[in-house]
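A short write-up of the structure that comes next.
The values are calculated or read from the model by the stated rules, or taken from the named source; none is laboratory data. This structure is a prediction, so every number in the text was calculated from the model and none was measured. All Cβ positions, glycine included, derive from the backbone under ideal geometry; neighbour counts span all protein chains shown. Each accessible area value is taken on the protein alone, full model and side chains, heavy atoms only, with ligands, DNA and RNA left out. Shrake-Rupley method; radii C 1.70, N 1.55, O 1.52, S 1.80 Å.
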Amino acid sequence: MQIGDLLKPVAIDLNYAPKDKADAINHLVDLMEKSGNLNDADRYRKAVFEREAKVSTGLGEGVAIPHAKSAGVTAPGLAAMVASNGIDFDSLDGKTTYLFFLIASPHNASNEHLDVLARLSTLLIDENFRTSLIHAKNKEKFLKSIELAEKQKIKEENQDTCPSQEAVTDTAQSSSEEQDTDIHFDLVAVTACPAGLSHTYMAAESLEKAALSMGIKIKVEADGAAGHRNKLLPEDIAYAKGVVVAADRAVEMDRFIGKPLVQVGVVEGIRRPKELIEQALSSNCPTFDASTKTEYSSMFMRLYRHLMSGLTYLLPLAATAGILSAIARIGILHNTNLGLFLDSIGYSIGTLLFPVLSAFIAFSIAGKTALVAGFTGGVMAMIESSGVLGAVANGFVGGGVAFCTASLAQRFLKGHDAMFALLVYPIVGALGTTLIAQFVTNLPFALLDDFLNSLFANSGLVIQILLGSVLAGMMSADMGGPMNKISYACGALLLADCLPENGPGSLVMASVMAGGMIPPMAAGAAAGLLGRRFFDEHERKIAFWSFLKGLLFITEGVVPFLAFNRQRMTIACIVGSATAGGLSMYYQCQVCAPHGGIFIIPLAENSLSFLFSLFIGTLVGAVLFTVLRIGVKRQSDEV
């Protein structure tokens, strides 16, 4: 299979002039839809925007490769676009982007398809190849350039894997000592990105080319969607003088203990491979061990990631506990045997919330050896009533205790610490966490938890409405960004603090959920009903699905509508969300789960008032969407 098998002429546009980044992505997705590779274009479009929000796929040198895996993809495919005027695509080098390839990959893509996509990524590193595509006169010449470059690449790959007879003879005549020398590498590397598509293979190619130009022998393991390509063997690592890990997700790191190691994001592997190679081989490169801090983000972001890791495991438990207990309180089941049984199950699951939250915060910090210490921290938070804040603090304590224990054991036991992993690590972790929780963290966080609950209960309705409005507005301020995540984390953690019963947390969670539901509902109502003539055909087409996504609490359903003018459209989202969140708090609406949208509203306290809050918030947001849209269009016409 070759690139031409995935890139159809109907999915190529050599003369499009996108207004901005969002317009470019939307047009590429529309081209992909024409190729017949999608069964749900909106679902795939959302996945592409979500991937783009994590880190720009504008790789520099005038090239961008947006991509996503999605259940909305029927078969792997490519779409291509050349923007003759060029646009700002948030490229890593800050330069204008002219050449775009969109990759669509289903979750079950075959290795053969993934090999083809990886080959395209590596071809785009060549400047002459990029230039030939940007200046192609028509689709036939565009595809011909790809075909010629790919044939040359395949020829090179075959030469690498199929040595000539002369080379085989020379190898057979060489001494065994020389053979051993030939297979040793000066440097080994691993590349990986979240999707495992373009960035993974482009970083690998960049490192290999840079090493070749420097006369350095390198072996690069590309940890992509099709698994490990060119997997590093123990002997490869043993003889290597240094290691480069260019990855945006977790890779197997223990195998590099004792080696000089540089760890960066996968994009850095593409941008500055020579610098990374020089750094890994320099005499002052730090040696990797279990205690090495290899993350390249700020301390705040590291703490935030650990907290989000614990929250990820907490959410399904919180939803199950809250929903079962809410069902048990329904009039027809209240005080019946079935109701009591469901309530007891919900209560039992609710007792796991703090231990699970603490355990997986600790796990994120120090791995499996921290699980017992983390669970102990959560149990201590329950015993001393230090609330969800105590559970969070004790999770970090447990992770820290486990991390220090493992570091000391590896240092003083010199590699013989494995026998202690099943007994000593858990006991030391549990005792250490218990002591610190008992004498340091539990008391202040118990007082803080009581203070916050009392403050909320006695703050008065005006303050509660203001809190609900602010948190709801934050849900739609940056669509999956830090403000959105902080707001949702506040709602989910405070809800966990009161489950399986209702309490202040369920009031806050109701406002947060309302805030997250409004943006796509308001956009859908504006494009589908209120201001149809002010929206384009594509927006009117997806209006219903956007509204439906809002009902399901999928805030990102509004993203396609922000492409027109993100700054002004976001104002409509924030005001609509804040209105709904404030009304929800005014009516004292309470939800029992951190997600579910329309499905959990029947179980909410004051459910009719919650629906009314959603209606008013949607109406306000839809009106603003339409008014702001008209204003922007008039300004554009005047210009």
ask   = Would you pick out the residues in segment 272-303 that are in a helix (DSSP H, G or I) and either touching a helix residue (DSSP H, G or I) at 6+ places or on another chain (Cβ under 8 Å) or at pLDDT 85 or above (or both)?
value = Pro273, Lys274, Glu275, Leu276, Ile277, Glu278, Gln279, Ala280, Leu281, Leu303
ask   = Which residues, taken from segment 257-279, are farther than 18 Å from Ala192 by Cβ and of a type in the set (Gly, Ala, Ser)?
value = Gly258
query = If Gly269 passes every condition in (1) modelled with pLDDT of 80 or more; (2) open to solvent by 40 Å² or more (accessible area, probe 1.4 Å) but one, which one does it miss?
reply = (2)
ask   = Looking at (1) open to solvent by less than 40 Å² (accessible area, probe 1.4 Å); (2) closer than 26 Å to Ala527 by Cα; (3) over 22 Å from the mean Cα position of the chain (by Cα), which is the only condition Cys592 fails?
value = (2)
remark   = Of (1) of a type outside the set (Phe, Trp, Tyr); (2) at pLDDT below 85; (3) within 27 Å of the chain's Cα centre (by Cα), Leu423 satisfies every one except (3)
query = Among Arg629, Arg568, which is the only one that is open to solvent by 40 Å² or more (accessible area, probe 1.4 Å) and not small (Gly, Ala, Ser)?
reply = Arg568
ask   = Just checking, how many residues over segment 38-92 are not in a strand (DSSP E or B) and not small (Gly, Ala, Ser)?
value = 24
request  = Could you check, for segment 460-469, whether at least one of its residues is touching a residue at least 40 places away in the same chain (Cβ under 8 Å) and among the hydroxyl-bearing types (Ser, Thr, Tyr)?
outcome  = yes
remark   = Condition set among the acidic types (Asp, Glu) and touching a strand residue (DSSP E or B) at 6+ places or on another chain (Cβ under 8 Å), scope segment 1-22, selection surrounded by the fewest Cβ atoms within 10 Å (Cβ to Cβ): answer is Asp20
remark   = Of the listed residues (Glu150, Glu166, Glu112, Glu156), the one being at pLDDT 65 or above, open to solvent by 50 Å² or more (accessible area, probe 1.4 Å) and either of a type in the set (A, V, I, L, M) or not in a loop (DSSP other than H, G, I, E, B) (or both) is Glu156
key: Filtered residue count, segment 333-388, keeping only those that are in a loop (DSSP other than H, G, I, E, B) and acidic (Asp, Glu)   = 1
ask   = Glu33 fails exactly one of the following numbered conditions: (1) touching a helix residue (DSSP H, G or I) at 6+ places or on another chain (Cβ under 9 Å); (2) touching a residue at least 40 places away in the same chain (Cβ under 8 Å); (3) open to solvent by 10 Å² or more (accessible area, probe 1.4 Å); (4) not in a loop (DSSP other than H, G, I, E, B). What is the number of that condition?
value = (2)
key: Unique match (being open to solvent by 30 Å² or more (accessible area, probe 1.4 Å), at pLDDT 85 or above and either of a type outside the set (Asp, Glu) or more than 30 Å from Glu205 (Cβ to Cβ) (or both)) among Thr312, Thr351   = Thr351
request  = Please state which one of Ala362, Ala326 is among the small types (Gly, Ala, Ser), closer than 18 Å to Leu493 by Cβ and within 32 Å of the chain's Cα centre (by Cα).
outcome  = Ala362
ask   = Quick one: Phe451 ticks every box in (1) free of Cβ contacts under 8 Å to residues at least 40 places away in the same chain; (2) farther than 28 Å from Gly350 by Cα; (3) out of contact with any helix residue (DSSP H, G or I) (no Cβ under 7 Å at 6 or more places or on another chain) bar one, so which box is it?
value = (2)
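Just one of Gly524, Gly516, Gly491 is modelled with pLDDT under 95, out of contact with any strand residue (DSSP E or B) (no Cβ under 7 Å at 6 or more places or on another chain), open to solvent by less than 30 Å² (accessible area, probe 1.4 Å) and more than 23 Å from Gly310 (Cα to Cα); which is it?
Result: Gly524 is the single residue among Gly524, Gly516, Gly491 that is modelled with pLDDT under 95, out of contact with any strand residue (DSSP E or B) (no Cβ under 7 Å at 6 or more places or on another chain), open to solvent by less than 30 Å² (accessible area, probe 1.4 Å) and more than 23 Å from Gly310 (Cα to Cα).
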Exclusive hit being open to solvent by less than 10 Å² (accessible area, probe 1.4 Å), modelled with pLDDT of 90 or more and among the aromatic types (Phe, Trp, Tyr), set Phe544, Phe610 = Phe610
